[in-house]
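The following block contains the structure, expressed as structure tokens.
The values are calculated or read from the model by the stated rules, or taken from the named source; none is laboratory data. Please read these numbers as outputs of a predicted model, since none were measured by experiment. Cβ: placed from backbone, ideal geometry, glycine included. Neighbour counts: every protein chain shown.
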Amino acid sequence: MVDITLSVNGVPREGSPEARKTLADFLRDDLDLTGTHLGCEHGVCGACTVIVDGRAVRSCLMLAVQAAGSEVTTIEGLAPDGGLGPLQQAMWDSHSFQCGFCTPGMVMQAAAFLSGHPDADESQIREALSGNICRCTGYQSIIDGVLLAAKRNRER
Amino acid sequence: MAAIAAERYTGASIKRSEDPRILTGAGRYVDDIKLPGMLHAAFVRSPVAHARVLSVDVSAARTLPGVVAVFTGAELEEMTVPGPDALMALMGWAGPTPEFTLLATDKVRFSGDPVAVVVAESRYLAEDGCELVEVEYEELPPVTNASFALDPGSPPLFANLGDNIARLHSRHEFGDVSATFADADRVTDFRIDVHRHQNMPMEGRGCVASYDTDSGAMTVYAATQSVHVSKIAVAMRLGMGQDKVRVLAGDIGGSFGLKIGASREELAVAAASRALGQPVKWVEDRGENLTTSGQAREESFDVRAAVSDDGDLLGLDVKTVIDTGSYPGMGAMVPDIIEAMFPGPYKIAALGFESTAVTTNKACYVAYRGPWASETFVRERILDLIAKDLGLDPLEIRLRNVAPRTDPPAVMITGRPLVGVTTRESLERIAQLVDFPAFRCRQAEARAQGRYLGIGVATFIEAAPGPREPEGSSGPMGNESMRLRLEEDGIVVLFTGQMPHGQSHQTTLAQIAADEFGVPFEQVRVVVGDTDVVPFGLTGGSRSATMTGGVALHGARQLKAKVVDVASHLMEASASDLEIADGQVFVRGDPASAIGVGEVARRAASGQFGDGLDAQLEVEAVFDGGEGGWSGGSHCAIVEVDAETGVVTVERYVIAEDCGALINPSVVEGQIRGGVAQGIGAVLLERSAYDEDGNCQSATLMDYLVPTACDIPRIEIEHLETVPLDADVNFRGVGEGGMIVAPPTVVNAIEDALSPFGVRIYEQHLSPARILELVAAADPGQ
């Protein structure tokens, strides 16, 4: 067991995970933040994407101990009060998702990308989300949601 | 109140009530369940495809700190009851019935077959325990393809069958097959293969089983398309009364046919929980999902087509062999549906249909979105091949052969009336939406520059639910039940056996009930996923739009009548003068008389009306599908094939479809696009591959490739005006159609693109490497 402290969704947290425990399992099992989903556990599907120190990270490929001292944001912390942030609202308005399993990773990936690329066009958004698999939607509704969020952000 | 207006939700893209929870991480999927004292299971799996199990040594695993128990196949057999696959038994399967155990005992039958289960304090420790289990195998010759399985000398997978036949050979004839072929101008032979691919939902299988030793009751938290089918399977295999088993389900991360009932692993986990008296969780990892959860298709078709020189498809004679993999599943039953659907919307006068299914040392054949879809693939493929032989345009040959809409309707040679089918309209609409002559010019210009563009069209119909048979005593899809109740807070609660896993039932059923009953959308709650409170049901076969939408409509109507009856006593008005809108009951023309429906419920519950009035504001509704009807449509793809690399790009995809009256257009379009994406994936990317020894070669998402946001184009959808058949319920299923018709649409486009090379395509999976092979082997003279 390794003692670690880190910030999760703006709250200081501590824990003693095994060295081999992934960040995803630590978030889900130790901190009960089950919004982060595991879709492949080998870094391909993107469902477990969280934001670590401002960058989108696959929490299945990162060990919890590697996140010691970091600031981690998960889907539960994307909007301040547990409501919907602007990206989530745009995705609701766009009927972006169906089963919802890829959703947390897709939203976190899109949030990290939009923060650095507020003027992204459709092909850039598709490229940025191409490491996140959705099996339900054919992606169009998700892309539309991200485009809508970007548009609203620019108009604000 | 100012105004009482009946809002219409049905037909509008109402935002999903599921979304706030899934967008904030508040969904509750099976892996999110955490119970006090919960243990974790992991399975020891066979590394070989076919072998005798000589010994299983679990002693080292049992002593590992953190491991609570290890159960071998033999031990689990003692703890459970033998029996057939529960779903096949429910569906009345009467063919060859293999005898098998939940975990392998005497032999393993595919690479990944579970041999033992380790239960530990964490998943990590359970997997550590698996590493310590020593299994000695004596390998047997693997049966890895259908032709070997058909050889009587192939080693039988199941001793009680004695061979590898999972469905006895049968031949049925519809119409006069021999005369049709004898009189035809031309008879052409085709051999067409559909490859093995699979559901790959983002969430794999999993469950938490929690046995309460004191009460002898089992609670299973499942990821399933039907909590009741799961319950029946658990009760059967654990030898428990059904009243002692409760199955619950929350959010489910997709399925596409995979998660019907309880798998062998889930049943083993339930047995382990009972033995230990503690909750046990198992959630498969992606490797298990890809190699062991189940796979679909892998069907071959030898087809003879009787054709006139003018391009009339007069008759078909089809021989199919289904490779069902190892353990029993959907594969042995699917030929019946393929046969029934083979004529499609066409006026084919004769059909001969032969089928056999075989067992092989591969993962089990499971249902996958439109399990019978190969009939559409084969039919739409050979129509293009015939059109090429005759110099006909793909649209022209289809329009020529589509059965006309007549009264009485034309009847498929296999028996079902083609009532209300709009195939012709959808093809004609495609021709308007896509400028074919302009495309042909562009195609010619591109070819001159060494670029290969192609256009493909395909069409389908789906019995979702299918037409009511003229002489039929029941509806097209059996009955669907729903319990509806008006609560004292004015909420209308719908209890449905549907188990949504992406289909948005909590939104769409609420839309229908809100309109029919007369409450705001937010005042309807849809309860799913608890065998203690929901009626029997199953989400599958694209049944929910008609069947569950219909029972929601009729049930809300019945509940409304009861509420109006009670209100008429309260308000001292004639029931016929009362209306309900916006959650208020009022005397027609007198908005000031309005009282809330919740108030009616409270007064009804007070008992003030005595015995003379039925004040129980609850109904058990049943719907038989009404007049039913067909779903269908035509799709068109424009692709570019890079003849140097074999890479195919889908440039444009256009759909003209008819799923009856739309409940929620955004939900409908999401279903169609998702299905098309899976169909594009099936053709260009996805293949569940095995080597000659029966090792699964597609065990990761770097080997089993699914489409990404860069692979799927914007999909243009137009909804056709439908032919209403029923007085009330004209919603039709749309879950499977995209997946059914996208593969032939894309393959037809690829063949068109490669026509300068003379390429003819007789298969469904067209990876870049395969495209290059086809180009290299083609005869440009064709």
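Residue by residue, here is whether (1) at the interface with chain B (Cβ under 7 Å from one of its Cβ atoms); (2) at pLDDT below 95; (3) buried (at least 20 other Cβ atoms within 10 Å of the Cβ); (4) outside any loop (DSSP other than H, G, I, E, B) holds:
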| position | (1), (2), (3), (4) |
| --- | --- |
| A:56 | no, no, yes, yes |
| A:60 | no, no, yes, no |
| A:66 | no, no, no, yes |
| A:69 | no, no, no, no |
| A:72 | no, no, yes, yes |
| A:82 | yes, yes, no, no |
| A:91 | yes, no, yes, yes |
| A:96 | no, no, yes, no |
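Still on this model: May I ask you to say which residue of B:700, B:722 is among the hydroxyl-bearing types (Ser, Thr, Tyr) and either within 22 Å of the chain's Cα centre (by Cα) or farther than 15 Å from residue B:201 by Cα (or both)?
B:722
Please enumerate the residues belonging to the range B:90-102 that are without any contact (Cβ under 8 Å) to a residue 60 or more places away in the chain and either aliphatic (A, V, I, L, M) or closer than 11 Å to residue B:161 by Cα (or both).
Answer for the range B:90-102, where residues must be without any contact (Cβ under 8 Å) to a residue 60 or more places away in the chain and either aliphatic (A, V, I, L, M) or closer than 11 Å to residue B:161 by Cα (or both): just B:94.
Additional query: Given the criterion away from chain A (no Cβ under 14 Å), in contact with a Leu (Cβ under 9 Å, 6 or more places away or on another chain) and modelled with pLDDT of 95 or more, identify the matching residue among B:668, B:648, B:622.
B:648
Any chance you could count how many residues in the range B:36-53 are more than 14 Å from residue B:116 (Cβ to Cβ) and surrounded by fewer than 22 Cβ atoms within 10 Å (Cβ to Cβ)?
Qualifying residue count for the region: 5.
Quick check on the range A:44-54: of everything there that is within 19 Å of residue A:114 (Cβ to Cβ) and more than 8 Å from the chain's Cα centre (by Cα), which residue is surrounded by the most Cβ atoms within 10 Å (Cβ to Cβ)?
By that ranking, first place goes to A:46.
Within the range B:714-727, is there a residue that is touching a helix residue (DSSP H, G or I) at 6+ places or on another chain (Cβ under 8 Å), assigned by TED's automatic domain parsing to the domain that holds residue B:381, among the hydrophobic types (A, V, I, L, M, F, W, C) and surrounded by fewer than 21 Cβ atoms within 10 Å (Cβ to Cβ)?
Yes: one or more hits.
Being modelled with pLDDT under 95 and more than 28 Å from the chain's Cα centre (by Cα) is the requirement here; does residue B:605 meet it?
The answer is yes for residue B:605.
Would you mention how many residues in the range B:351-382 are surrounded by fewer than 24 Cβ atoms within 10 Å (Cβ to Cβ), touching a Ser or Thr at 6+ places or on another chain (Cβ under 7 Å) and small (Gly, Ala, Ser)?
Within the range B:351-382, residues that are surrounded by fewer than 24 Cβ atoms within 10 Å (Cβ to Cβ), touching a Ser or Thr at 6+ places or on another chain (Cβ under 7 Å) and small (Gly, Ala, Ser) number 1.
Considering each of B:336, B:302, B:317, B:310 in turn, give the residue that is part of a loop (DSSP other than H, G, I, E, B) and not assigned by TED's automatic domain parsing to the domain that holds residue B:94.
None of the others qualify; the one that does is B:310.
Could you list all residues from the range B:190-219 that are under 31 Å from the mean Cα position of the chain (by Cα) and charged (D, E, K, R)?
Within the range B:190-219, B:191, B:193, B:196, B:203, B:205 meet the criteria.
Scanning the range A:11-39 for residues that are under 15 Å from the mean Cα position of the chain (by Cα) and part of a loop (DSSP other than H, G, I, E, B), which turns out nearest to the other protein chains (Cβ to nearest Cβ)?
A:35
Give the number of residues within the range B:103-138 that are under 31 Å from the mean Cα position of the chain (by Cα), in contact (Cβ under 8 Å) with a residue 60 or more places away in the chain and under 28 Å from residue B:159 (Cβ atoms).
Result for the range B:103-138: 11.
Here's a follow-up. Collect the residues in the range B:617-657 that are part of a strand (DSSP E or B), within 30 Å of residue B:474 (Cβ to Cβ) and of a type outside the set (Asp, Glu), keeping them in residue-number order.
Within the range B:617-657, B:619, B:621, B:622, B:623, B:628, B:629, B:630, B:631, B:632, B:633 meet the criteria.
Still on this structure, please answer the following. Name every residue in the range B:705-733 that is assigned to a loop (DSSP other than H, G, I, E, B), within 14 Å of another protein chain (Cβ to nearest Cβ) and not β-branched (Val, Ile, Thr), in order of residue number.
Listed by number, the residues that qualify are B:705, B:707, B:709, B:710, B:711, B:713, B:714.
Give me the pairs: first residue in the range B:376-390 and in a helix (DSSP H, G or I), second residue crowded, with 24+ Cβ neighbours inside 10 Å and hydroxyl-bearing (Ser, Thr, Tyr), beta-carbon distance under 8 Å, and six or more apart or on different chains, which are they?
Filtered contacts from the range B:376-390: B:379/B:346; B:380/B:459; B:380/B:745.
Which of the residues that make up the range A:98-133 are at the interface with another protein chain (Cβ under 7 Å from one of its Cβ atoms) and assigned to a loop (DSSP other than H, G, I, E, B)?
Hits for the range A:98-133 are A:98, A:99, A:100, A:101, A:102, A:129, A:130, A:133.
Being assigned to a helix (DSSP H, G or I), surrounded by 20 or more Cβ atoms within 10 Å (Cβ to Cβ) and small (Gly, Ala, Ser) is the filter here, so list the residues in the range B:54-102 that pass it.
Listed by number, the residues that qualify are B:61, B:73, B:86.
Further, regarding this structure: Tally up the residues in the range B:592-642 that are under 30 Å from residue B:733 (Cβ atoms) and surrounded by fewer than 19 Cβ atoms within 10 Å (Cβ to Cβ), please.
3
For the list (1) on the phi > 0 side of the Ramachandran plot; (2) touching a Leu at 6+ places or on another chain (Cβ under 7 Å); (3) in the same structural domain as residue B:123 (by TED's automatic domain parsing), I need the number of the one condition that residue B:267 fails.
Residue B:267 satisfies every listed condition except (1).
May I pose another question? Confirm whether residue B:405 is over 26 Å from the mean Cα position of the chain (by Cα), modelled with pLDDT under 95, in the same structural domain as residue B:754 (by TED's automatic domain parsing) and outside any strand (DSSP E or B).
Considered against the rule, which asks whether it is over 26 Å from the mean Cα position of the chain (by Cα), modelled with pLDDT under 95, in the same structural domain as residue B:754 (by TED's automatic domain parsing) and outside any strand (DSSP E or B), residue B:405 comes out as yes.
Another one. Residue by residue through the range B:413-430, note down the ones that are under 18 Å from residue B:634 (Cβ atoms) and out of contact with any helix residue (DSSP H, G or I) (no Cβ under 6 Å at 6 or more places or on another chain).
Correct list: B:418, B:420, B:421, B:422, B:423, B:424, B:425, B:426, B:428, B:429, B:430.
Being under 30 Å from residue B:183 (Cα atoms) and surrounded by 24 or more Cβ atoms within 10 Å (Cβ to Cβ) is the filter here, so list the residues in the range B:273-300 that pass it.
The one that is under 30 Å from residue B:183 (Cα atoms) and surrounded by 24 or more Cβ atoms within 10 Å (Cβ to Cβ): B:299.
Next question. State which residue is farthest from the other protein chains (Cβ to nearest Cβ) when the search covers only the range A:134-147 and only residues that are over 14 Å from residue B:710 (Cβ atoms), out of contact with any Leu (no Cβ under 9 Å at 6 or more places or on another chain) and crowded, with 18+ Cβ neighbours inside 10 Å.
Filtering first and then ranking leaves A:144.
Would you confirm whether or not the range B:547-566 contains a residue that is in a loop (DSSP other than H, G, I, E, B) and either crowded, with 21+ Cβ neighbours inside 10 Å or among the polar types (S, T, N, Q) (or both)?
Within the range B:547-566 (the criterion being in a loop (DSSP other than H, G, I, E, B) and either crowded, with 21+ Cβ neighbours inside 10 Å or among the polar types (S, T, N, Q) (or both)), the answer is no, since none of the residues qualifies.
If you scan the range B:239-265, which residues turn out to be buried (at least 21 other Cβ atoms within 10 Å of the Cβ) and within 14 Å of another protein chain (Cβ to nearest Cβ)?
If the condition is that a residue be buried (at least 21 other Cβ atoms within 10 Å of the Cβ) and within 14 Å of another protein chain (Cβ to nearest Cβ), then B:249, B:251, B:252, B:253, B:254, B:255, B:256, B:257, B:258, B:259 are the ones that fit.
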